[in-house]
Structure formats: C-alpha cells, structure tokens
Amino acid sequence: MKTCLWLSFLLFIDLHTVVTANAQTNMGTIDVNENCTATLHFNSNVDFLTIGNNPQIGETTSGSPVFKYFDIFQSGKTVFLRGKDPAAPKTSITIKLENEEICFGMLQYGQNARIYYDFTGTTNPEHKDSLNQKAKNEQVMIQTMDRVLALSNDYIEGVEENLLEVVVSNIRNDDRYTYFKISIRNESGNDYIIDNATFKYVEGKNKGLFKKGSIIEEREQIVYQTDQKIVKANSTAHLGYVIPLFAVGTGGTLKIQFIEKNGTRNPSINLSSRTMLKVKTI
C-alpha cells in the first residue's frame, strides 16, 4: 500500500513538472518601429529569446551583436524591442522563461506600436482565455484579409503619380473590420519603398457664410497590414490593410496616403462617403 502511495506521489510530481514545462502564452502580434520601443514584462526571468528573421550584421565596439531588422535588449524579467527597418518582414518571436513557460507570437515593424506589454498575469486562466480568444480573432482576421486579396480586381478609385499607379481594387466589411486590397503598379526604374501608410477620415465643415471652412481629420488605426512594403521597379504588387469597421458620414471622405521612404512619391486616394456606404460584406 505504501509503495502504491509513493508511486502515486511520484506520478503527481512528474505530471506537475510536465504541465509546468508545457505552459504557453500567445503574445499575439507586437508592433515596433524606430520611434517606439516595446517593453515586454514577464513573471519570471528570461532564459533565452529568439526571433525568426533578424540576421546579425555586425557587432558594437563592446562586442554586443548588431541585428538587421530589430534591436533586442534583455534584463531579468524584461525584454525591450525596437524596429530598425520599415521593410522588415513579419516574423516569429519566441521567449523561454526560467520557470519553463514558453511565450510566442509575431513581431513586425508597424505604426500601431504599444509601449508596454504586461505578461505577468498569464498564469491566470481567465487572462489566458482572453489571450487565446484574441489570437483566434486575429487569425480569423488574417484569413479574411487573404480572401479579400484573392478576389479579382475591381477598380474602385485610383491615382497616378510619377509612373506610379495606386488603385483601391477591392474593399470588404465583416462585423468588426474593413479590409482593403490596394494594387500598386510601379512603371519606373526605381523600387518604390513604402515608409508609412495612413488612413484618415476627413470632413469639411463650413463655420459661417463669410468664414473660411475648416477641415476635421481623424486618423484611423491600421489593425493589420501585409508584409510587403517594397514594389519592385516595373512590377505590380497587391497589399492588404485592415482598419476597424469604418462608417463614413455624409459628405466625409476616407483619405488613404502612402509615404515613400527617402522619396517624394506620396500618392493619396480619396474615397467618398457614397463609395464607402456601398462596400459589400464578406
């Protein structure tokens, strides 16, 4: 009987170790850029960290590694990440803590950066369920964006500028987001590198019969965007952007603008309220 109890105790210890070793946290997508460093804080010291695509390109005078796309700083329970190159591909990030917990997610250069990520409560089942649901919602959103990108091109609005043609070739809504398929044809001999893309709701209001009209602009958050930020010379690329479900007021417009890195090609497209009100649901 004592032997059975002892074996049961050992089995409990072994199972507890397995459960602890297999603890996982989905961190979701982490956005960083040159002006915003993301701070990740955990409930245990960091054992090691790895990023899928971030090759080392050199060393500092003190011998610290220099990476191509993302800077990494690590101290105790905290990790600091900074984006270096807007052309950086979206890639995986995995962090192992000393308590054997594995934290995983995606890292990308983006404008929707948060300064602080608190993962100290991930052992709370409710918090874990929340993170898992968020990850599932994000996966559905990405799959929907892929479906929109696969739709045949339907010219909605476009502009030409310096041998660059930018066209909104498809828009779809679901119950949470608005999805845009943007087609860019680069007929020049130089690559077109996108430094930034902005979506703004613009509405003009006349303040009085003899007063100058004012313009109200409200920037829309880009929830997700496809990785491609370089349109090669003499080629066409199809880019995807997701913003929260968009409802434009009568008379307002949605202004989409692309900013070229180290260049002057900054085309913008205005989508009327009538156009946005006719967007189909996917």
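What to note about this one:
- Residue within the range 181-200 that is more than 13 Å from I256 (Cα to Cα), modelled with pLDDT of 95 or more and either in contact with a helix residue (DSSP H, G or I) (Cβ under 7 Å, 6 or more places away or on another chain) or aromatic (F, W, Y) (or both) present: yes
- Selection count, the range 136-150, where residues are surrounded by fewer than 16 Cβ atoms within 10 Å (Cβ to Cβ) and not β-branched (V, I, T): 7
- V159 among the β-branched types (V, I, T) and under 21 Å from the mean Cα position of the chain (by Cα): no
- Number of the condition not met by Y109 [criteria: (1) surrounded by 15 or more Cβ atoms within 10 Å (Cβ to Cβ); (2) of a type in the set (S, T, Y); (3) modelled with pLDDT under 90]: (3)
- Residue, nearest to P267 (Cα to Cα), within the range 165-183, restricted to residues that are free of Cβ contacts under 8 Å to residues at least 60 places away in the same chain and touching a His at 6+ places or on another chain (Cβ under 8 Å): S183
- Which listed residue is in contact with a Ser or Thr (Cβ under 6 Å, 6 or more places away or on another chain), exposed (fewer than 12 other Cβ atoms within 10 Å of the Cβ) and modelled with pLDDT under 95, from K211, K205: K205
- Flag for A135 being under 24 Å from the mean Cα position of the chain (by Cα), of a type in the set (A, V, I, L, M, F, W, C) and at pLDDT below 90: yes
- If you go through the range 152-192 and keep only what is in a loop (DSSP other than H, G, I, E, B) and more than 23 Å from N234 (Cα to Cα), you end up with D174, D175, R176.
- Screening L271, L239 for residues that are under 21 Å from the mean Cα position of the chain (by Cα) and either surrounded by 19 or more Cβ atoms within 10 Å (Cβ to Cβ) or touching a residue at least 40 places away in the same chain (Cβ under 8 Å) (or both) leaves exactly one candidate, L239.
- Checking I256, I243 one by one, the residue that is over 18 Å from V159 (Cα atoms) and not in a loop (DSSP other than H, G, I, E, B) is I243 and no other.
The values are calculated or read from the model by the stated rules, or taken from the named source; none is laboratory data. Owing to the predicted nature of the structure, the values given are computational and were not obtained by experimental measurement. A quick note on method: Cβ atoms are made from the backbone with ideal geometry, for glycine too, and the neighbour counts reach across all protein chains shown.
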